[in-house]
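Working notes for the structure below.
What follows draws every value from the coordinates through simple rules; no lab data is involved. Bear in mind the structure is a predicted one, so any value in this text is a computation, not a measurement. All Cβ positions, even for glycine, are placed from backbone atoms using ideal geometry, and neighbour counts span all protein chains on display.
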Amino acid sequence: MMLEILTYPDPRLKEPSTTVETFDEELRNFLSNLEETMRAGPGGVGIAAPQVGRFQRIAIVDVSSHKKVTKHHGRLVLINPEITDWDGFEIAREGCMSVPDYTGNVIRATHIKLTAQNENAEIKYFEMEGYEARAVQHELDHLDGLLFLDRLVSRRHDLFQRKTHQKKK
Amino acid sequence: MKNWFMLALVGQDRVGIVAQITDALYRGGCNLGEASMLRLGTSFTMMMMVNTQLDENTLISVIQPTAEKLGLHLHLDQIEGELHPHPEPDVKIVVHGADRAGIVAQVTGELANAGLNILDLETGVGGSDKKPFYFMQIEGNATQGMEALQLALEKLKETLQGNIDINLSPLETFDL
């Protein structure tokens, strides 16, 4: 069953999500609907539960269909995910199903380490990079009520800020 | 969504230009669409899409007193306004080297012939008075494909004989 996507400026998109405690048939049904909704989207590579109005820490990411991506983990169900380590950064343009007809430049870590539970409540550990790492960071932001709009960088100066010269003591 | 104008204002930079101009427009019953406002040199430049039921002369009378007070020159054109088509750039070109006249014309000339439609271009001059360097960043659409642009750049590099660095890279939008 396709679920309805909340779109900005719907204030519910700012709501932080809560931890998933119960791993049951109802959750698995929801995950299947969430995945169907994700795959029908324009990018079809990621979705977070709050985007369909369920405020629980759940995201699905699958970048394997993207032709240029070589390193990825295939279909990922991420429940109660936590990023434990970040490395490197890169600016790229992002779009979002919840923010139609607008895209913007966002800085994301190029490499992350992540723990999350799967649909069976098993704890998994991942190291990921590139597009997959970007997609996960984007979806996890939704769980904290953040959109890429909250992270837009200035087209002019953000990358080139001069280091402040410190006075010698 | 009818009755759109492109309003351009330029003048010496000072505090409060944006606030006072947009306040005058708001009080005049206007709504803003896309806008670009930035300082170039010591001037402040504003270009904005304005949606209003006013006619051209009445709109001018709404802005003129504030513009004059702030020392801004005003230019107004009625346009076919549309808020929604946002073309996304698919290519980025960065150019830098020792400053001299003609870089922009030379580079963009070749790229235009190879199908580049520029969406966003910014340039700057850095370095010292004696050794200025020039920097330009372009985002746009490769309407004839990346290869055509690549070929144009190869040709440019030969003409410029290594005096200017030009880098072309694809830009991708991640739909998430």
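Label point of residue A:73 set 7 angstrom out along Cα-Cβ; within the stretch A:82-126, amide nitrogens under 17 Å from it belong to A:82-87, A:109-126. Charges on Cβ only, +1 for Lys and Arg, -1 for Asp and Glu, centred on the Cα centroid of the stretch A:11-155; of A:136, A:97, A:74, which one is farthest towards the dipole's positive end? Farthest along the dipole direction, towards plus: A:97. Output the 0 to 90 degree angle, nearest 10, between the alpha-carbon long axis of helix A:130-143 and the longest principal axis computed from the alpha carbons of chain A. Once rounded, the angle reads 70 degrees. Summarised in one figure, the compactness ratio Rg/Rh of chain B, Cα atoms and Kirkwood Rh, is 1.06. This model, with +1 at the C-beta of Lys and Arg and -1 at the C-beta of Asp and Glu, gives the stretch B:4-79 a dipole about its Cα centre of some 260 debye. Computed about the Cα centre, the dipole magnitude for chain B is approximately 700 debye when only Lys and Arg (+1) and Asp and Glu (-1) carry charge, each at its Cβ. Here the scattering of the protein assembly as shown is modelled by Debye summation over its C-alpha atoms, one equal scatterer each and no solvent; at q = 0.10, 0.13 Å⁻¹ the log10 of I(q)/I(0) is -0.82, -1.16.
With everything on Cα atoms, drop me the angle between helix A:25-39 and the longest principal axis of chain A, reported from 0 to 90° to the nearest 10. Taking Cα atoms only, the helix is inclined about 60 degrees. Using a cut-off of under 20 Å, list every residue of the stretch B:140-176 whose amide N is near the label point 7 Å from the Cα of residue B:131 along the Cα-to-beta-carbon line. Output list for this probe position: B:162-166. Computed from the C-alpha gyration tensor, the three semi-axes of the ellipsoid equivalent to chain A are 29, 19, 16 Å, from longest to shortest.
Shown here for the stretch B:1-89: GluC sites (Glu not before Pro) in loop regions (DSSP other than H, G, I, E, B) with at most 14 other Cβ atoms within 10 Å, namely B:80, B:82.
When only the Cβ of Lys, Arg, Asp and Glu is charged (+1, +1, -1, -1), the dipole of the stretch B:91-170 relative to its Cα centre reaches about 200 debye.
Under the simplified labelling scheme, the residue A:101-residue A:127 pair shows an inter-label distance of 4.4 nm, with each label point 7 Å from Cα along Cα→Cβ. Only helices enter this figure: runs of n ≥ 4 DSSP H residues, each worth -39500 (n - 2.57), summed and divided by the residues of the protein assembly as shown, yield -7500 deg cm²/dmol at 222 nm to the nearest 500. Within chain B, how many Lys pairs that are eight or more residues apart, or on different chains, come under 30 Å at the alpha-carbon? Here the count comes out as 9. Loop-located trypsin sites (Lys or Arg not before Pro) in the stretch B:25-100 (DSSP state other than H, G, I, E, B) with a sparse environment of at most 12 neighbouring Cβ atoms within 10 Å: B:100.
Shape summary of the stretch B:91-170, radius of gyration then Dmax from alpha carbon positions: 12.3, 40 Å.
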